[in-house]
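Chemist: Pasting a structure below so you can have a look.
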Amino acid sequence: MVDTRYDDSAQKMIDDLGKGEIDAAILWGPQAGYYARESKKDYVVTPLVKETKGPSMAFRITVMLHTRLLGSLLPGSQVQTAGPAGTPSWPYGQSDA
């Protein structure tokens, strides 16, 4: 397991590619485009969007954050919350927690 708070394996891979320590790199997701662009090198990024063999690489991603923090970051906005599986939860500011 990689803890990206302390180690950025995607950045290291691109650095190694730029130094010629490796000949090719395979990165998954948005990191590939980001690091290819930021490296200022002439890398070719090939998205695999029509693959039919192997397991599906489409995933739903859940993001959780504290609504009060979000409200303080986005003043004047109406923060909406949801419970498990998208079911309505308590309105912002009325938590009994």
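Values quoted throughout were computed directly from the atomic coordinates according to the rules given, and no laboratory measurement underlies them. Worth saying up front: this structure is predicted, and the values here are computed from it rather than measured. For neighbour counting, all protein chains shown are included, and Cβ atoms are generated from backbone atoms with ideal geometry for every residue, glycine included.
Chemist: Would you mind computing, in nm to one decimal, how far apart the modelled labels at SER9 and LEU73 are, each placed 7 Å from Cα along Cα→Cβ?
Modeler: That separation, rounded to one decimal, is 2.6 nm.
Chemist: How far apart, in nanometres, would the label points at LYS50 and ALA24 be if each is projected 7 angstrom from Cα along the Cα-to-Cβ direction?
Modeler: It is 2.0 nm.
Chemist: From the C-alpha gyration tensor of segment 1-52, pull out the three semi-axes of the equivalent ellipsoid (sqrt of 5λ each), sorted largest to smallest, in whole Å.
Modeler: Working through the eigenvalues yields semi-axes of 18, 16, 11 Å.
Chemist: Taking a cut-off of 13 Å between Cα atoms, list the aspartates and glutamates near LYS40, but don't count ones fewer than 8 places away on the same chain.
Modeler: Within the straight-line limit of under 13 Å, LYS40 reaches these aspartates and glutamates: ASP15.
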